[in-house]
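Please treat every number below as a calculation from the coordinates, not as lab data. Note that this is a predicted model, so its numbers are computed, not measured. Note: ideal-geometry Cβ built from the backbone for every residue, glycine included; neighbour counts use all protein chains shown.
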Amino acid sequence: IILRNITPFKELDTAKTNFIATISHELKTPLASADFSLKLLEDERTGTLTQEQKELVKNLKSDNQRLLRILSELLDLSQVDSGRIQLQNQIFSVKDLIQKAIATTNNAAKEKNINISVALGKELPLLQADEEKTVWVMNNFLTNAIRYSPENGEIIVKAASKDNSVKLSIQDFGIGIDPAYQQKIFDRFFRVPGTQKKGTGLGLAISKEFIEAMKGTVHVESEPGKGSTFTFYLPANS
């Protein structure tokens with residue numbers, strides 16, 4: 001038996017988490033300011049841009065938004081790593097949750113002419129969870145569904161009551177996920193080999209941590225070429 005003092009390793013891990021949180025927070029402020037400035041440039045009241053300048057501003061805005069998303073995910077990850085997931089448990093309706101998530105991702109769906117339909121079960125109970133984090137998870141699943149769906153495709157958001165929980169699913173009809181990788185996609189930084197879409201590989205991992213922190217479960221069903229269904233369960237208000 002070999003005993004080893006792992007205190008220095010724990011201290012390094014804590015320092016890493018704090019460093020990521022600090023750097024992410026410090027970088028997010030100037031990026032948010034830059035995003036606001038880019039929006040002003042797009043406004044014709046500040047001056048008219050040429051077509052080439054509009055294209056440059058559009059590309060800059062896209063890159064800036066991607067960096068902001070990455071920093072937000074790193075901040076969420078540092079919260080998970082530190083074991084300080086702060087939950088604000090509330091009672092809210094499934095319908096409101098879905099409406100908020102769809103409103104956030106609606107523009108991305110319109111760009112690809114994707115129709116998002118909703119199928120609600122009868123007599124859905126209220127949810128008892130952190131509404132903000134639940135919307136975040138829904139947004140992440142919807143964004144992924146849009147990203148991997150074909151043009152003119154369809155996404156179905158479903159909700160149903162099951163035992164003392166509410167089952168929420170986001171189904172797409174996109175490229176699907178190979179069975180060999182379905183158990184790994186919730187691992188941090190994992191990306192399915194051959195995927196051309198940009199991403200950090202953190203969104204699904206953080207989603208899983210958030211749902212489990214709210215005493216729920218999450219899983220995926222998928223078939224290559226036929227699409228994927230991401231499902232999570234959350235406790236109903238008793």
If Lys and Arg each add +1 and Asp and Glu each add -1, what is the summed charge of the other residues whose beta carbon sits under 14 Å from the beta carbon of residue 120? +3
Which of 158/226; 110/162; 158/215; 39/110 exceed 26 Å between C-alpha atoms? The answer is 110/162
For the range 154-225, alpha-carbon Rg and Dmax in angstrom: 13.4, 40
Radius 11 Å from Cβ of residue 161, net charge of other residues (Lys, Arg +1; Asp, Glu -1): +1
What list of ³J(HN,Hα) couplings, whole Hz, do you get for the range 209-221 from phi and the Karplus terms 6.51, -1.76, 1.60, once you set θ to phi - 60° and write x for glycine and proline? 4, 5, 5, 5, 5, 8, 6, x, 9, 9, 7, 10, 10
Extension length gain for residue 63 and residue 91 (0.36 nm per residue less Cα distance), in nm, is 6.4 nm
Once phi is turned into θ = phi - 60°, what whole-Hz ³J(HN,Hα) does the Karplus curve with 6.51, -1.76 and 1.60 give for every residue of the range 104-111, x standing for Gly and Pro? 6, 9, 4, 5, 5, 5, 5, 4
